[in-house]
Amino acid sequence: MNTSAAFRAPVGGRDRVAEPAHPPGVPALRRGPAVRVRGLVKRYGMRTVVDGVDLDVRRGECFALLGPNGAGKTTTVEIMAGLRRRDAGEVTVLGEDPAVASRRWRDRIGVVGQRTSAGDALTVAETIAHYAHYHALVRDGAELVDAVGLTGTAHTRVDRLSGGQRRRLEVALGVQGQPELLFLDEPTTGLDPAARRQFWTLVEELRNAGTTVLLTTHYLDEAAHLADRVGVIVNGRLVEVAPPDRLGARLRREATVRWTEDGMQREVVTPTPAALLRRLLAAATETEVPGLTVTRPGLEEVYLRLIATTPTPGPVRSGIGRGDSR
Amino acid sequence: MTAAATDEPVGRRPAPPSAARIGRARVGLELRLFRRDPGQVAFSFAYPVVMLVIFGSIFGEEEVAPGVGSHQYFLAGIAATGVMLTSFQSVGTAIAEERERGDLLRLQTLGTPALAYAIGKAGQVVVATAAQLTLLLGVAALAYDVPLPEDAGRWATFAWVVLLGMLAGTVLGIAVSSFVGSARAAGAGIPGFAVVLQFFSGVFIVFSELPGWMQQVAAVFPLKWMTQGMRSVFLPDDAAAIEPTGTWDHGSTALVLAAWLVAGVLVCVRTFHWRGDDR
């Protein structure tokens, strides 16, 4: 089975985020982060699509790059997976520079891209049997077909599969070689809700077996559900990295207090709502404060505000990889 | 950086399979995909036979030169053309399609050695070409009474001309796929180029009757030499008199085909890419 499975026991729950990047007893030298990116820049002609990204992905974690379409997610992943060249910056993935990485290195990573195809004229079983020839370690074909939920379609030709079934086949091929690190580029785009749920279960299983997963998505709920940490990327810049429930901590600290005064709707956004409330209540000792509400932004709102407030003056340093997650 | 250099997979992972092993698997895959593409199969096998039938109907029992029947003469050109079609044309157009569909992107993500991919293409070309030539020669011999060579020397010539021709065609097909862009462009451009080359190379028209400048242009490309080599196989010895130099000139044939093969390999090594867009 997966080589790193024996290494780290599966841990449940979100608090595994707090785990140290280096499991005890293992020399830090040999257990650097799965992915380390510093100052990554990629330009297409005059357009800068990745603009100074710093990123660390710890071994065994599921990391989501979350951002709107065109934010630079795919390009970043393609560079990390050694499929594209970069213009500047340092990238180390499983200890090697992807730009010059060996085949041995490549066999340790799995990639599920958006535009990869496995040909049309073979059946699912034939496709999986064929690509087994490319890897040093191979998962059993029938087991793989079951794991991605293609059991009934093993003998169906790939060109007769639905879009969702094709994505599952892509995932099967991505994990066939028992990768230590799996890149999933918008894996559930175009899947119906049931298929998405199934896919999430599959990713959770892989992750629990010790596979490091780096996925890109533009679905907030997907990132929140799957990821230990989420990096929000906008216009090629990483604007925030945090566990999903701590995403946008600064924005979340701000509460909106609303009430009605003299028939007018009042609204104040403040990091210290209690102080405001105290004043409001003191001013209305005998009566109710009509229409009084205190709200904090939900995850969705935080995300929308994060991607709306694109920083213009220089990249925001995420601070990850230096031990703090703010 | 120093930490990076010492990173090792946890629990030693064996080395990935060699290019030769993946290449062998790819030959099987390519042949299976070829068999499942009725258009490709029909085109590869029927086209040369149809050409033979057309030429037979037009020229009938006419002689191209004393003792050289038109069937015999054109069979040589059609056989050479067949080799070019199953190698250069089919490989060039197929790669453009595979690149566009994302098949090559998958191979790139798997770290497939380009050599393994080339082996797969070459293997498929060898099998398809052998089947096509067998069919063509069978029809020529049985339906048109074209005499097939009886001595081993001529078959040996046949073998090396076909082998060099299809290997050169395969690498040139891979090479050209780096420059044609979209699958649509490849599907129009490569066969178009092939047809023009056939006119220049004496496939449709007796080579010695072509204008001198056309002969000279054709002499740059492999097809002319393959047709000439094939004529040396299927035509009587004294028919060499109608060749430009009055001989079969096997030396030049081998040299030109080998030069294209080597040049094709060099171009492939320098320009082959898995994906169509910017790196």
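One residue stands out in the stretch A:124-149 among those that are of a type in the set (S, T, Y) and within 10 Å of A:A172 (Cβ to Cβ): the one that is nearest to the chain's Cα centre (by Cα), namely A:Y131.
What helices (runs of 4 or more DSSP H) lie completely within the stretch B:161-279 and have 1 or more residues being open to solvent by 20 Å² or more (accessible area, probe 1.4 Å) and small (G, A, S)? Of the helices (runs of 4 or more DSSP H) lying wholly inside the stretch B:161-279, those with at least 1 residues that are open to solvent by 20 Å² or more (accessible area, probe 1.4 Å) and small (G, A, S) span B:183-200, B:212-218, B:250-271.
Report the residue count in the stretch A:133-191 for those that are aromatic (F, W, Y) and either closer than 25 Å to A:V57 by Cα or in contact with a strand residue (DSSP E or B) (Cβ under 9 Å, 6 or more places away or on another chain) (or both).
Qualifying residue count, the stretch A:133-191: 1.
If you go through the stretch A:80-90 and pick out every residue that is of a type outside the set (G, A, S), open to solvent by 20 Å² or more (accessible area, probe 1.4 Å) and more than 9 Å from chain B (Cβ to nearest Cβ), you end up with 2.
Scanning the stretch A:91-130 for residues that are among the small types (G, A, S) and surrounded by 18 or more Cβ atoms within 10 Å (Cβ to Cβ) turns up A:G95, A:A101, A:G110, A:G113, A:S117, A:A118, A:G119. Each residue in the stretch A:264-293 was checked for being farther than 13 Å from A:R253 by Cβ, open to solvent by less than 90 Å² (accessible area, probe 1.4 Å) and not in a helix (DSSP H, G or I), and 7 pass. So, of the residues in the stretch A:63-79 that are open to solvent by less than 20 Å² (accessible area, probe 1.4 Å) and in a loop (DSSP other than H, G, I, E, B), which turns out to be farthest from the other protein chains (Cβ to nearest Cβ)? Across the stretch A:63-79, the extreme among qualifying residues is A:G67. Take the conditions (1) more than 27 Å from A:P243 (Cβ to Cβ); (2) open to solvent by less than 10 Å² (accessible area, probe 1.4 Å); A:V53 misses just one of them, which is (1).
For every residue, the table says whether it meets (1) in contact (Cβ under 8 Å) with a residue 12 or more places away in the chain; (2) within 8 Å of another protein chain (Cβ to nearest Cβ).
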| site | (1), (2) |
| --- | --- |
| A:T92 | yes, yes |
| A:G95 | yes, yes |
| A:R103 | no, yes |
| A:A118 | yes, yes |
| A:L122 | yes, yes |
| A:I128 | yes, no |
| A:V148 | yes, no |
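Just one residue in the set B:V91, B:V83, B:V127 is open to solvent by 10 Å² or more (accessible area, probe 1.4 Å) and assigned to a helix (DSSP H, G or I); that residue is B:V127.
The single residue among B:F88, B:F74, B:F34, B:F59 that is over 25 Å from B:F272 (Cα atoms) and touching a residue at least 24 places away in the same chain (Cβ under 8 Å) turns out to be B:F74. If you filter the stretch B:24-63 down to residues that are within 12 Å of chain A (Cβ to nearest Cβ) and part of a loop (DSSP other than H, G, I, E, B), you find that the one that is surrounded by the most Cβ atoms within 10 Å (Cβ to Cβ) is B:D37.
The values are calculated or read from the model by the stated rules, or taken from the named source; none is laboratory data. Remember, it's a predicted structure, so these values are computed and weren't measured experimentally. We place every Cβ from the backbone using ideal geometry, glycine too, and count neighbours over all the protein chains shown. Just the protein is used for accessible areas: all its heavy atoms, side chains included, with ligands, DNA and RNA removed. Shrake-Rupley method; radii C 1.70, N 1.55, O 1.52, S 1.80 Å.
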